[in-house]
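Structure provided below as structure tokens; questions to follow.
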Amino acid sequence: MTDFYAVIGNPIAHSKSPLIHAEFSRQTGQDIRYEAILAPVDAFPATVSSFRARGGKGANVTVPFKLEAHKISTRLTERAQAAQAVNTLVFEPGGIAGDNTDGAGLVRDIRANLKFLIKARRVLLMGAGGAARGVILPLLEHKPQVLAIANRTKQKACELQQLFSRYGNGNIVSAAYADLAGEKFDLVINATSASLRGELPALPAGIFADGSLAYDMMYSDGLTPFLQHAKQQGAARLADGIGMLVEQAAESFLLWRGIRPETAPVIEMLASCTAS
Ligand code: NDP
């Protein structure tokens, strides 16, 4: 019997998740149907309830509902609790389990696909919104020498530093972009939404260390403004967020179906779609 899953967001028409999960289903032989659902901004819980009433087994949650998904979850994984944001719902008898697979997706893309070691490296995370929150714990699990969280509104970076300090070993620092002058980082992750509007956070020159990887969670046709800047500034390697998108989806699929799909062919398919 076919099991139903969905991604719920607003807007949602642009979502690549139905395509990704259709590929996973084809590849693994799992009998699932996965749809995109547009929820009115003031009716996320009602949208989840009606999907569940129609036989839904679980859902992905995207902008702007990750905090609300956290609120309606009756059980949270540690990483969702730490992030205070949920992107994967599993409907269980009597409740809803909430998880956050964004960080695991990012770290898997960086380590397994891009073969970049995080351990003992200097990592800069730009941004302090929902996406940044979701990746801090998974990054810390790989023991960077330093995890610097920088944000336009410095106060929010400070709040995240405090929130996650118990998971680090004194290696988390917070900063405004101007504070980073003179510093160098091996891995620079853009978790801001600046690229969506063609903007660039006010990064000082010279922050990319030799051999550094610049990673933008955003993806677009061609290089994002952040990746263009990183290239000009001498970053050795550039990556956009397509790999993270597919890896977080694979992690959700694993939670729902108990099988981890192969991600490489799906990443390759999407990368060639965005490039064309
Ligand atoms: P939020 O709205 O929660 O946070 C936005 C962040 O961007 C804030 O830190 C904000 O700073 C900062 N920001 C926005 N504009 C600028 C600017 N012009 N200069 C400097 N900083 C800026 O968004 P999310 O955290 O949910 O999403 C961030 C990005 O991550 C999006 O592009 C999203 O598409 C992407 N993403 C990708 C995923 C993937 O799988 N590839 C998964 C999840 C997210 P301030 O606090 O000062 O306002």
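The values are calculated or read from the model by the stated rules, or taken from the named source; none is laboratory data. No experiment lies behind these values; they were computed from the predicted model shown. Please note: Cβ atoms are built from the backbone with ideal geometry, for glycine as well, and neighbour counts cover all protein chains shown. Areas reflect the complete protein model, heavy atoms only, side chains present, ligands, DNA and RNA absent. Shrake-Rupley method; radii C 1.70, N 1.55, O 1.52, S 1.80 Å.
Quick one: would you say Gly129 is in contact with a helix residue (DSSP H, G or I) (Cβ under 7 Å, 6 or more places away or on another chain), under 26 Å from Tyr177 (Cα atoms) and near the ligand (Cβ under 10 Å from one of its atoms)?
On the way: in contact with a helix residue (DSSP H, G or I) (Cβ under 7 Å, 6 or more places away or on another chain): no; under 26 Å from Tyr177 (Cα atoms): yes; near the ligand (Cβ under 10 Å from one of its atoms): yes.
No; evaluated as a whole, the condition is false for this residue.
Each row is one residue, and each column tells you yes or no for (1) of a type in the set (Ser, Thr, Tyr); (2) in contact (Cβ under 8 Å) with a residue 40 or more places away in the chain; (3) under 23 Å from Ser73 (Cα atoms).
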site: Leu114; (1), (2), (3): no, yes, no
site: Gly134; (1), (2), (3): no, yes, yes
site: Leu147; (1), (2), (3): no, no, no
site: Lys154; (1), (2), (3): no, no, no
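Further question: For the subset of the range 246-276 comprising residues that are open to solvent by 40 Å² or more (accessible area, probe 1.4 Å) and of a type in the set (S, T, N, Q), which member is nearest to Ala6 (Cα to Cα)? Steps first, please.
Here is the first cut: in the range 246-276, the ones open to solvent by 40 Å² or more (accessible area, probe 1.4 Å) are 254-255, 257-260, 262, 264-265, 268-269, 271-273, 275-276.
Next, only the ones that are of a type in the set (S, T, N, Q) stay: 272, 276.
Working: Ser272: 24, Ser276: 27 Å.
Checked the range 246-276; the qualifying residue nearest to Ala6 (Cα to Cα) is Ser272.
How many of the residues in the range 167-224 are touching a His at 6+ places or on another chain (Cβ under 7 Å) and surrounded by 23 or more Cβ atoms within 10 Å (Cβ to Cβ)?
So the count comes out to 0.
Just a yes or no: is a residue in the range 92-114 under 25 Å from Glu262 (Cα atoms), among the polar types (S, T, N, Q) and within 12 Å of the ligand (Cβ to nearest atom)?
Taking the range 92-114 as the starting set, the residues that turn out to be under 25 Å from Glu262 (Cα atoms) are 97-114.
From the residues that got through so far, the ones that are among the polar types (S, T, N, Q) too are 100-101, 113.
From what is left, the residues that are within 12 Å of the ligand (Cβ to nearest atom) are 100-101.
Yes.
From the set of residues in the range 169-211 that are more than 13 Å from the ligand (Cβ to nearest atom) and under 20 Å from the mean Cα position of the chain (by Cα), which is farthest from Ile110 (Cα to Cα)?
That would be Ile172.
Which residue is nearest to Val61 (Cα to Cα), if the candidates are limited to the range 226-245 and must be away from the ligand (no atom under 16 Å from the Cβ) and open to solvent by 30 Å² or more (accessible area, probe 1.4 Å)? Before you say what the answer is, go through the steps one by one.
At the first step, the residues of the range 226-245 found to be away from the ligand (no atom under 16 Å from the Cβ) are 231-237.
Checking the rest, the ones that are also open to solvent by 30 Å² or more (accessible area, probe 1.4 Å) come to 231-234, 236-237.
Details: Lys231: 32, Gln232: 35, Gln233: 35, Gly234: 36, Ala236: 34, Arg237: 30 Å.
Top of the filtered list is Arg237.
Could you tell me whether any residue of the range 157-167 is part of a strand (DSSP E or B) and closer than 25 Å to Ile110 by Cα?
So in the range 157-167, the residues part of a strand (DSSP E or B) come out as none.
No, every residue in the range 157-167 fails to be part of a strand (DSSP E or B) and closer than 25 Å to Ile110 by Cα.
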